[in-house]
Amino acid sequence: MAKKLPSAARQALIRNRFSQQLGVSISELAAEFAVSEMTIRRDLDALERKAQIQRTHGGAVLTERMMFEFDYRERRERNRAEKCAIAVEARKLVVPGQRLILDNGTTSLELASLLKDGERLTVVTPSLAVASELQHAQGVEVVLLGGILREGSPDLTGPVTEHCLEMFAVDIAFQGADAIGEDGSIYNSDLRLARVDKAMRRVAAQSCILADHTKFGHTALGRSGSLADVDLLITDAGAPPALLKRFSRLGAKIVTVPLPVA
C-alpha cells in the first residue's frame, strides 16, 4: 500500500476493510497501510465523526448504519449483470404515460435506473431506494407508499402499505421474488412482503416477475402466489430449460435474456 495514499482514499479503504472483518485493530491497519498508528487514529476519528464507525479499545467496528449499507450493497451486487440484463428487457415494456409499480427488489432498482429518461410516467413504490433513484427524474412522478420501515432493508411494508395500494390502479407491476418453486409458486422470505406483493398484483392490469436463474427451484417462508397469477416472467438463459417449460404451462409468458459475457 502506497505511503502517500490520500487520507480520504485511505479512510474509504479502512471503512471497506471493516465490512470484511468484524473488528480491526489500529496496529493491523497501520501495518496494512504503511502509516503510523497516530495517522490511523486520526483516520478513525474522522470516520467516527461521520458516524460510520464506532471506536473500541485499540480499534473500531462499523456502526449499525454502515453494516446495513454494506449488506444492501452486497445484495444489489449479487448477480448484478443478470439483473441489469433483465431490467433492460423489462424497460422495453414501458411506454410514455404509463402508471407502474416497482417493488423493493434489487432487480426493480436496476429497472428504476433505466426509467430516468421516462416521459409522463408515474411510479408507485414501497422502496426508499427506488424513490431515491428516481427523485430527480423530470418525466417521472414518484409515489412513495406508506408503511413500516422494514429492519435491515430500505423499504416499507405492513397493513398501511397494503391499504395505500388499494387507492391505485396501474398498468404494470414489476416484482422480484426471493424464490420460485418447481411448481411455479412465488415466495418471499418475509410474510409481510408476500401480502404486499399480492396487493400489488390486484391493482395492476399486468404483472411482471423479474427473477434471475438463481431464484428457481427453491422455496422461502411466505408464498405470495403462483406464476399462474402473473402475465410475464423475465429471467436469464441460466434458468433450467425443463423448469421453464414446466412454468410455461401455467400460462405466463416467459422471456429469457442471454447470459452476460464474462
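Each reported figure results from applying straightforward, stated rules to the coordinates on display, with no laboratory input. Note that the coordinates shown come from a computational prediction; the quantities given were computed from them, not determined experimentally. Note that we place each Cβ from the backbone using ideal geometry, even for glycine, and neighbour counts take in every protein chain shown.
Structure values in brief
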item	result
Ranked list, fewest to most other Cβ atoms within 10 Å of each Cβ, for 103, 229	229, 103
Simple label model, 7 Å out from Cα along Cβ direction - residue 49 to residue 249, nm	6.6 nm
Calculated FRET efficiency for the pair residue 92/residue 149, C-beta based, R₀ 41 Å, to 0.05	0.80
HN-Hα J in Hz across the stretch 143-153 - Karplus 6.51, -1.76, 1.60, θ = phi - 60°, x for Gly and Pro	10, 8, 5, x, x, 8, 5, 6, 5, x, 8
Cross-link partners of residue 253 among aspartates and glutamates (Cα-Cα below 15 Å; sequence separation of 8 or more within a chain)	89, 229, 231, 236
Semi-axis lengths, Å, the stretch 167-262, gyration tensor of Cα atoms, sqrt of 5 times eigenvalues	21, 15, 12
Residues with amide H under 5 Å from that of residue 142, placed H, sequence gap 5 or more	123
Structure-based [θ]222 nm, the chain - -39500 (n - 2.57) summed over DSSP H runs of at least 4, per residue, nearest 500	-12000 deg cm²/dmol
Charge dipole of the chain about the Cα centre (unit charges at C-beta), most positive-ward option of 136, 31, 251	31
Rounded to whole Hz, the Karplus (6.51, -1.76, 1.60) HN-Hα couplings of the stretch 173-179, x for glycine and proline	10, 9, 9, x, 7, 6, 6
Residue 13-residue 160 pseudo-label distance in nm [points 7 Å out on the Cα-to-Cβ vector]	4.4 nm
Nearby aspartates and glutamates by direct alpha-carbon distance to residue 245 (threshold 12 angstrom, same-chain neighbours under 8 apart not counted)	182, 183
Label selected from (1) 1.06; (2) 0.98; (3) 1.02, the criterion being Rg/Rh (Cα atoms, Kirkwood Rh) as computed here	(1)
Debye, to nearest 20: dipole size of the stretch 85-128, +1 on Lys, Arg Cβ, -1 on Asp, Glu Cβ	140 debye
Sequence ranges 79-88, 26-35, 169-178, ranked by mean other-Cβ count within 10 angstrom, highest first	169-178, 79-88, 26-35
